[in-house]
Amino acid sequence: MRFSRLLVPTSKETPNDATLASHIYLIRGGFIQSVGGSGLYNFLPLGKKILDKVRAVVKDELDKAGCQEVALSFVTPATLWEESGRLEKYGKELLRFKDRKNNDFILGPTHEEMMVNLVRQSVKSYKQLPLNLYQINLKFRDEIRPRFGLMRGREFLMKDGYSFHASEEDMHREFALMEETYKKIFTRLGLEFRVVEADSGAIGGSGSKEFMVLADSGEDTIVVCPDCEYGANIEAAVAKPKSYDADTEIKIITMKALYDEGETKIVHFALPVSIELQDVKACNAVNANDLVECEESTDIQTLVVDAALEGIDSLNAQEKSYADISAVQENDACIHCGGALTYTKGIEAGHIFQLGTQYSEPLGCNFLDENGKSVPMVMGTYGIGVSRLLAGIIEQNHDDKGCIWTKESAPFDLHIIISNIKDEAQVALGEKLYETLKSKGVDVLLDDRKERFGPKIKDFELMGVPYGVLIGKKLADGMVEFMTRDGMIKEEMSSEEILSFLEGKF
Ligand code: ATP
Ligand code: MG
């Protein structure tokens, strides 16, 4: 591609609302463009190209693992979500609308119902199972606080996969296969990541794992053991139980629990005074959709006491139960090996769930088993935030000048700069390298613009193609520079040898 023909509106200006490196550089590098600052983005040619490259890696590994790609209708009839019972539950993130005939629709934030509907119409027998179907398609979630650019958009690209099985064991086999497949995807994309145990959130089901891209800017806190493999999102993390004695000071936290159809309930949580309440665990303990802070202090009717206090506390309430509601703290002992747990930050880039029959049962997605009996299919579901991955790659790979794309995500393999477009020898060498490498399948960007050298090198730094060739003044002495973007390392090379060097490298 010739830079002179490329739409890549790079800029020196940091967008007002941007604090994260990935947000700043994806906009400044001309990859994406904000649409009115509300979690909506246009992908410009280079952003689209990177998205396609990431998508291709995801597709390649999934297809190799035997998954099949489909494309589901983006607009979902609300009736399907009524069948699963999620229409009420999902809350305000769900965008609902009516068509001209007054029928209700939603924009899919996730597609369990749609995929179950597809399968229940076409799969009838155990002989057709197992199946793993996926799509790489838009999702819409009316996030309360869209922010950080592609990290938390309202419209975003997700790979969502769903597997269907004749037995629980077979679903476990597929779950393990997806874990391995996801590891291959994240490794190929050049990411440093960790697979952790997770809470299952609004999707439901039991047993889920998240793929966390490690970054200080990540919104998730993950608890890791330095001595063994244990890692978990703080929402699901457990440590070796602590023992408390009878005079342990106990605190009580009051919250308002939110349920379906606008119902609410005041709930109380009791735990040792030194321990923090973990909101997600607390929410799960009272089967609520959400918990919000609450000033009201009423009689204690519903009380959940931290499991560590069982047999110790003497609290009274009409309805009292014990559950793990405490946040694991740094230096707590690992449940597996006793190691001192530490916190680290991560970006949730993927999430895989063991679902069971939670959707197949209400939606009647049944099959005839070997004995001719009709039973619901056992399901798994597997997501990757494809557009969020672009942000994750840049969070891990940037410096104070701009992006540094990894090999499989880079918009080009090589970025050639002709420093002075009026210098015939520079132009001739640039054109020769460009045409020859291009004919050999190397994806080359040739900066042939009538611009000064300064903006050209700044664009190289900002855009982050992993390698570059600088054809400048030194060509008069028979020299050019080969540049490695990571570290901005420049090596002088003979202009006679540069072509064969590049042919060997790519
Ligand atoms: P989060 O906790 O970050 O809100 P989630 O747990 O709601 O995410 P899932 O339902 O597990 O998300 O969706 C699968 C994947 O989609 C996530 O692992 C994440 O990578 C991506 N994703 C979710 N929400 C967004 C968003 N608003 N913008 C971009 N990607 C997203
Ligand atoms: Mg998730």
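The values are calculated or read from the model by the stated rules, or taken from the named source; none is laboratory data. From a predicted model like this one, the values you see are computed outputs, not experimental measurements. Cβ placement follows ideal geometry from the backbone for every residue including glycine, while neighbour counts extend to all protein chains displayed.
Consider residue 397 carefully, then state whether it is under 23 Å from residue 136 (Cβ atoms), at pLDDT 95 or above and not hydroxyl-bearing (Ser, Thr, Tyr).
yes
Looking at this structure, is residue 417 within 29 Å of the chain's Cα centre (by Cα) and buried (at least 18 other Cβ atoms within 10 Å of the Cβ)?
no
Do we have any residue at all in region 388-404 that's crowded, with 16+ Cβ neighbours inside 10 Å and free of Cβ contacts under 8 Å to residues at least 24 places away in the same chain?
No, there is no match, as no residue in region 388-404 is crowded, with 16+ Cβ neighbours inside 10 Å and free of Cβ contacts under 8 Å to residues at least 24 places away in the same chain.
For region 99-113, give me each residue that is buried (at least 21 other Cβ atoms within 10 Å of the Cβ) and either more than 22 Å from the chain's Cα centre (by Cα) or in a helix (DSSP H, G or I) (or both).
Matches in region 99-113: 112, 113.
Please give the number of the condition residue 284 fails out of (1) free of Cβ contacts under 8 Å to residues at least 60 places away in the same chain; (2) surrounded by fewer than 21 Cβ atoms within 10 Å (Cβ to Cβ); (3) of a type outside the set (Gly, Ala, Ser).
It fails just one condition, (1).
Take region 471-488 and flag every residue that is surrounded by 11 or more Cβ atoms within 10 Å (Cβ to Cβ) and within 40 Å of the chain's Cα centre (by Cα).
The answer is 471, 481, 482, 483, 484, 485, 486, 488.
Return yes when residue 188 is within 15 Å of ligand 2 (Cβ to nearest atom), under 30 Å from residue 133 (Cα atoms), in contact (Cβ under 8 Å) with a residue 12 or more places away in the chain and in the same structural domain as residue 23 (by TED's automatic domain parsing) and no when it is not.
No, not satisfied.
Given the criteria polar (S, T, N, Q), out of contact with any helix residue (DSSP H, G or I) (no Cβ under 9 Å at 6 or more places or on another chain) and more than 30 Å from residue 431 (Cβ to Cβ), does residue 19 qualify?
Judged against the criteria, residue 19 is a match.
Right, residue 91: within 16 Å of ligand 2 (Cβ to nearest atom) and of a type in the set (Gly, Ala, Ser) or not?
Considered against the rule, which asks whether it is within 16 Å of ligand 2 (Cβ to nearest atom) and of a type in the set (Gly, Ala, Ser), residue 91 comes out as yes.
Might you check whether a residue that is more than 12 Å from ligand 1 (Cβ to nearest atom), at pLDDT 95 or above, assigned to a helix (DSSP H, G or I) and not basic (Lys, Arg) occurs anywhere in region 155-167?
No.
Out of 96, 120, which single residue is touching a residue at least 12 places away in the same chain (Cβ under 8 Å), within 18 Å of residue 359 (Cβ to Cβ) and assigned by TED's automatic domain parsing to the domain that holds residue 32?
Residue meeting the stated conditions: 120.
Please pick out the residue among 308, 327, 323 that is farther than 24 Å from residue 383 by Cα, more than 16 Å from ligand 1 (Cβ to nearest atom) and surrounded by fewer than 18 Cβ atoms within 10 Å (Cβ to Cβ).
From the options 308, 327, 323, the qualifying one is 323.
Among the residues in region 215-235, are any touching a His at 6+ places or on another chain (Cβ under 8 Å), within 13 Å of ligand 1 (Cβ to nearest atom) and closer than 17 Å to residue 352 by Cα?
No, there is no match, as no residue in region 215-235 is touching a His at 6+ places or on another chain (Cβ under 8 Å), within 13 Å of ligand 1 (Cβ to nearest atom) and closer than 17 Å to residue 352 by Cα.
Sort out which residues of region 179-189 are touching a helix residue (DSSP H, G or I) at 6+ places or on another chain (Cβ under 9 Å) and over 16 Å from residue 348 (Cα atoms), and write them in order of number.
181, 184, 188
Does residue 194 qualify as being surrounded by fewer than 18 Cβ atoms within 10 Å (Cβ to Cβ), more than 9 Å from ligand 1 (Cβ to nearest atom), closer than 28 Å to residue 53 by Cα and not aliphatic (A, V, I, L, M)?
yes
Taking into account only those residues within region 354-402 that are small (Gly, Ala, Ser) and under 18 Å from residue 47 (Cβ atoms), which is nearest to ligand 1 (Cβ to nearest atom)?
Ranking the candidates gives 385 first.
With the structure loaded, tell me whether residue 353 is surrounded by 15 or more Cβ atoms within 10 Å (Cβ to Cβ) and not assigned by TED's automatic domain parsing to the domain that holds residue 181 or whether it fails that test.
no
I need a count of the residues in region 74-93 that are β-branched (Val, Ile, Thr) and over 21 Å from residue 159 (Cα atoms).
Adding up the residues that qualify gives 1.
Of all residues in region 263-275 being assigned to a loop (DSSP other than H, G, I, E, B) and within 34 Å of the chain's Cα centre (by Cα), which is surrounded by the fewest Cβ atoms within 10 Å (Cβ to Cβ)?
Per the stated criteria, the residue is 263.
Among the residues of region 358-371, is there at least one that is of a type in the set (S, T, N, Q), within 16 Å of ligand 2 (Cβ to nearest atom), assigned by TED's automatic domain parsing to the domain that holds residue 61 and touching a Leu at 6+ places or on another chain (Cβ under 6 Å)?
Taking every residue of region 358-371 in turn, none turns out to be of a type in the set (S, T, N, Q), within 16 Å of ligand 2 (Cβ to nearest atom), assigned by TED's automatic domain parsing to the domain that holds residue 61 and touching a Leu at 6+ places or on another chain (Cβ under 6 Å).
At pLDDT 95 or above, under 30 Å from residue 373 (Cα atoms) and either in the same structural domain as residue 379 (by TED's automatic domain parsing) or not in a loop (DSSP other than H, G, I, E, B) (or both), is that true of residue 179?
No.
Which one of these is within 16 Å of ligand 2 (Cβ to nearest atom), among the aliphatic types (A, V, I, L, M), touching a residue at least 40 places away in the same chain (Cβ under 8 Å) and on the phi < 0 side of the Ramachandran plot: 213, 195?
The conditions single out 213.
Restricting the search to region 204-262, which residues are among the polar types (S, T, N, Q), touching a strand residue (DSSP E or B) at 6+ places or on another chain (Cβ under 9 Å) and outside any strand (DSSP E or B)?
217, 248
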